[in-house]
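Down below is the structure, laid out as structure tokens.
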Amino acid sequence: MPQRKLLALCLMLPILLAGCWQASGPTTYAVKGLVQYEGKPVAGATVTLIPTVAEGRSASGMTDADGNFEVTTYISPSLQPDGAMAGQYDIIVSKMEVHELDPELTPQEALVAFKRLGAPKNLLPKKYRNPRTSGLSVHIESGPPEPLVLDLTN
């Protein structure tokens, strides 16, 4: 009987260790920065770090009222560590127009209102939404990079 328990424990060990890795997740490094457009801080912009290799993980964050941001990496719904994994990233930045509707509208009235208002517009230059044209990048090696200053222009 003790041999069966030992065998069962040995078979369960890899599963338990895998669960432990998932709980703590990969190593990430704090990535912080500032987004400015034409010299002024941009509030409510989304900053996304897109890995240049297929096995990488993207990281993103939103700017506060002063244009400051910090990113998190999405691993799973229950695991989203602060920072980004080591690697090379292209950066995109967007800020979408927000249509605020009366919360008292019925779903049908809200649909009519959205159709009337049209699709939300990006309030920043189009080139910053594409990793090939943004001109923004960061390399994360074995520690957090210096705070990023993303100066956007027309």
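In summary, the lysines within cross-link reach of K32, defined as a Cα separation below 29 angstrom excluding same-chain residues under 8 places away, comprise K40, K95, K121, K126, K127.
Quote the Stokes-Einstein diffusion coefficient, in whole µm² s⁻¹, for the stretch 115-154, based on the Kirkwood radius over alpha carbon pairs, a temperature of 10 °C and a viscosity of 1.306 mPa s. The Stokes-Einstein estimate is 122 µm²/s.
Taking other residues whose beta carbon is less than 12 angstrom from the beta carbon of G25, and scoring Lys, Arg as +1 and Asp, Glu as -1, yields 0. For a straight C-alpha distance cut-off of 18 angstrom, the aspartates and glutamates reachable from K115 (same-chain residues fewer than eight places away being disregarded) are E97, E100, D102, E104.
Values in this text are rule-based calculations from the coordinates and carry no lab data. The model shown is predicted, which means the values in this text are computed figures rather than measured ones. In this analysis, Cβ positions are derived from the backbone assuming ideal geometry, glycine residues included, and neighbour counts consider all displayed protein chains.
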